[in-house]
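A.B. asks: Could you have a look at this structure, given as structure tokens, before my questions?
The values are calculated or read from the model by the stated rules, or taken from the named source; none is laboratory data. Predicted model, so just to flag it, every value in this text is computed and none were measured. No Cβ is skipped: glycine too gets one built from the backbone with ideal geometry, and neighbour counts run over all protein chains shown.
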């Protein structure tokens, strides 16, 4: 006598209100890492510290965020994700208040590092949303939540500059501390429980961190997509760093506030995120990646010849933003489908590689600008973008060989195995259309939500 397996409980449906709350929360969480950038001079004068120490605030934020990605985000695979998210948001609020009350430079740096460390709660919420979403709408959901992160980074500089004129540089930190505390309360009330998978029960913290590194070693799709993401952000960061140098000198000669407002052109990426997500959900993830990397490279060609032409400069920057967000969203659509039970560790590995690429791109830009100006940094950006094209083409060639190998294996009487068997999958980088495609052997099949199966409208 056999017993039917107990169906796995599906998480509650993700409504528009909850999705908007999660996107807003992620935006507020990451915003605190960008407040100081236009305020360094004010902070230096108020705390009576030199420009070198004031400038370290930006570096401190980057270092703290990187540590959080490595040390905290993987915890989402072994703990209650709602509790983890709420605690990180409350910690961010507390550390923002510490930064706002800083009496001197060392306390300011400590507050900045701790704020950035806890702000990776945003990167816990992103895979949280992916886990709540139905497979056929996961790309759109991730795109919406990531749009919140994008807007948070873009609007943070503008908001901090505006509020500093009303009440000094500390004002924006106090305001965001209150908003983050409020968000923590709302998330506690609205987020459904999404406990960790049974496969990670009892895993120690050191083992958890080692398993994150092991995922990069064992999952070739994650390695390829992490490398592609790192190169794409490196290329994009070239523009972010060099644009300030270009616009501050003749023939532009813009003020800092004007340069900051010009950066809002990047908001076009918000539209791209959601559109790319819908295309990914329809099975066009590879086309989105390919179009993104080609557009990324072509945009640098436009920027290279733009020079003193503002319209061409705007066109190139819009192209870069559209391309970068398309590549990022398609990368996430692929990597989040690899191992749903390890989604937070996968996000940790992917995002750490992603931001490491961005930091490398910014560092290279400073050196290259000093030696060759805008033409040289345009060439650097194009070379890095060209690297993403090479990686994508190599990925497609590998997938094509897998298709041929699977066909030969079937002809010889060996059925291809989709998840690590003798014959490779037809497309190892395609996002699975359902959670059942990645279910471990012997696991009960996932229960499809009513009204969300194939052919139904969400």
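A.B. asks: Could you identify the single residue in 335, 390, 322 that is outside the structural domain of residue 122 (by TED's automatic domain parsing), modelled with pLDDT of 90 or more and either surrounded by fewer than 20 Cβ atoms within 10 Å (Cβ to Cβ) or farther than 29 Å from residue 130 by Cα (or both)? Break it down stepwise before answering.
C.D. replies: Details: 335 fails: either surrounded by fewer than 20 Cβ atoms within 10 Å (Cβ to Cβ) or farther than 29 Å from residue 130 by Cα (or both); 322 fails: either surrounded by fewer than 20 Cβ atoms within 10 Å (Cβ to Cβ) or farther than 29 Å from residue 130 by Cα (or both).
So the residue among 335, 390, 322 that is outside the structural domain of residue 122 (by TED's automatic domain parsing), modelled with pLDDT of 90 or more and either surrounded by fewer than 20 Cβ atoms within 10 Å (Cβ to Cβ) or farther than 29 Å from residue 130 by Cα (or both) is 390.
A.B. asks: So, one more: Which fully enclosed helices (runs of 4 or more DSSP H) of segment 148-262 have 3 or more residues being within 27 Å of residue 354 (Cα to Cα) and touching a residue at least 40 places away in the same chain (Cβ under 8 Å)?
C.D. replies: Details: elements: 171-190, 205-218, 220-248, 256-262.
Because the criterion is at least 3 residues that are within 27 Å of residue 354 (Cα to Cα) and touching a residue at least 40 places away in the same chain (Cβ under 8 Å), the helices (runs of 4 or more DSSP H) in segment 148-262 that meet it are 171-190, 205-218, 220-248.
A.B. asks: When you go through (1) part of a helix (DSSP H, G or I); (2) surrounded by fewer than 18 Cβ atoms within 10 Å (Cβ to Cβ); (3) modelled with pLDDT under 90 one by one for residue 308, which number turns out not to apply?
C.D. replies: Among (1) part of a helix (DSSP H, G or I); (2) surrounded by fewer than 18 Cβ atoms within 10 Å (Cβ to Cβ); (3) modelled with pLDDT under 90, residue 308 violates only (1).
A.B. asks: Okay, next question. Filter segment 105-138 down to the residues that are at pLDDT 95 or above and part of a loop (DSSP other than H, G, I, E, B), then identify the one that is nearest to the chain's Cα centre (by Cα).
C.D. replies: Among them, the one singled out is 120.
A.B. asks: So which pairs qualify, if the first residue must be in segment 31-45 and free of Cβ contacts under 8 Å to residues at least 12 places away in the same chain, the second must be in a helix (DSSP H, G or I) and crowded, with 19+ Cβ neighbours inside 10 Å, the Cβ gap must be under 6 Å, and the two must be at least 6 apart or on different chains?
C.D. replies: As it stands, the answer is 44/54, since those pairs meet every condition given.
A.B. asks: If I filter segment 153-163 for residues that are assigned by TED's automatic domain parsing to the domain that holds residue 78 and under 17 Å from residue 343 (Cα atoms), do I get at least one hit? Steps first, please.
C.D. replies: Step one: list which residues in segment 153-163 are assigned by TED's automatic domain parsing to the domain that holds residue 78, which gives 153-163.
With the extra rule that they be under 17 Å from residue 343 (Cα atoms), the set shrinks to none.
No, there is no match, as no residue in segment 153-163 is assigned by TED's automatic domain parsing to the domain that holds residue 78 and under 17 Å from residue 343 (Cα atoms).
A.B. asks: So, one more: Going by what's in this entry, would residue 108 be described as closer than 21 Å to residue 50 by Cα and either in contact with a strand residue (DSSP E or B) (Cβ under 6 Å, 6 or more places away or on another chain) or surrounded by 22 or more Cβ atoms within 10 Å (Cβ to Cβ) (or both)?
C.D. replies: Values: closer than 21 Å to residue 50 by Cα: yes; either in contact with a strand residue (DSSP E or B) (Cβ under 6 Å, 6 or more places away or on another chain) or surrounded by 22 or more Cβ atoms within 10 Å (Cβ to Cβ) (or both): yes.
Here the answer is yes, as residue 108 does meet what is asked.
A.B. asks: Further question: Of the conditions (1) touching a residue at least 12 places away in the same chain (Cβ under 8 Å); (2) closer than 30 Å to residue 308 by Cβ, residue 363 satisfies every one except a single condition; which number is it?
C.D. replies: Result: residue 363 fails condition (1) only.
A.B. asks: Give the residue that is farthest from residue 205 (Cα to Cα), with candidates limited to residues of segment 358-379 that are surrounded by fewer than 23 Cβ atoms within 10 Å (Cβ to Cβ) and under 23 Å from the mean Cα position of the chain (by Cα). Walk me through how you get there before you give the answer.
C.D. replies: Let us first name the residues in segment 358-379 that are surrounded by fewer than 23 Cβ atoms within 10 Å (Cβ to Cβ), namely 358-360, 362-364, 366-376, 379.
Of the ones still in play, those that are also under 23 Å from the mean Cα position of the chain (by Cα) are 358-360, 362-364.
On the way: 358: 28, 359: 27, 360: 29, 362: 33, 363: 33, 364: 35 Å.
My answer is 364.
A.B. asks: Only one of 402, 421 is modelled with pLDDT under 90 and outside any helix (DSSP H, G or I); which? Reasoning before the result, please.
C.D. replies: Working: 402 fails: outside any helix (DSSP H, G or I).
Exactly one residue qualifies, and that residue is 421.
A.B. asks: Kindly indicate whether residue 287 is at pLDDT 90 or above, in the same structural domain as residue 391 (by TED's automatic domain parsing), surrounded by fewer than 17 Cβ atoms within 10 Å (Cβ to Cβ) and farther than 23 Å from residue 391 by Cβ. Can you show your working first?
C.D. replies: On the way: at pLDDT 90 or above: yes; in the same structural domain as residue 391 (by TED's automatic domain parsing): yes; surrounded by fewer than 17 Cβ atoms within 10 Å (Cβ to Cβ): yes; farther than 23 Å from residue 391 by Cβ: no.
When the stated conditions are applied, residue 287 does not pass them.
A.B. asks: For residue 141, all conditions in the list (1) under 17 Å from the mean Cα position of the chain (by Cα); (2) surrounded by 24 or more Cβ atoms within 10 Å (Cβ to Cβ) hold save one; what is the number of the exception?
C.D. replies: Of everything listed in (1) under 17 Å from the mean Cα position of the chain (by Cα); (2) surrounded by 24 or more Cβ atoms within 10 Å (Cβ to Cβ), residue 141 misses just condition (2).
A.B. asks: Does at least one position in segment 89-104 carry a residue that is under 30 Å from residue 170 (Cβ atoms), out of contact with any helix residue (DSSP H, G or I) (no Cβ under 6 Å at 6 or more places or on another chain) and assigned to a helix (DSSP H, G or I)?
C.D. replies: yes
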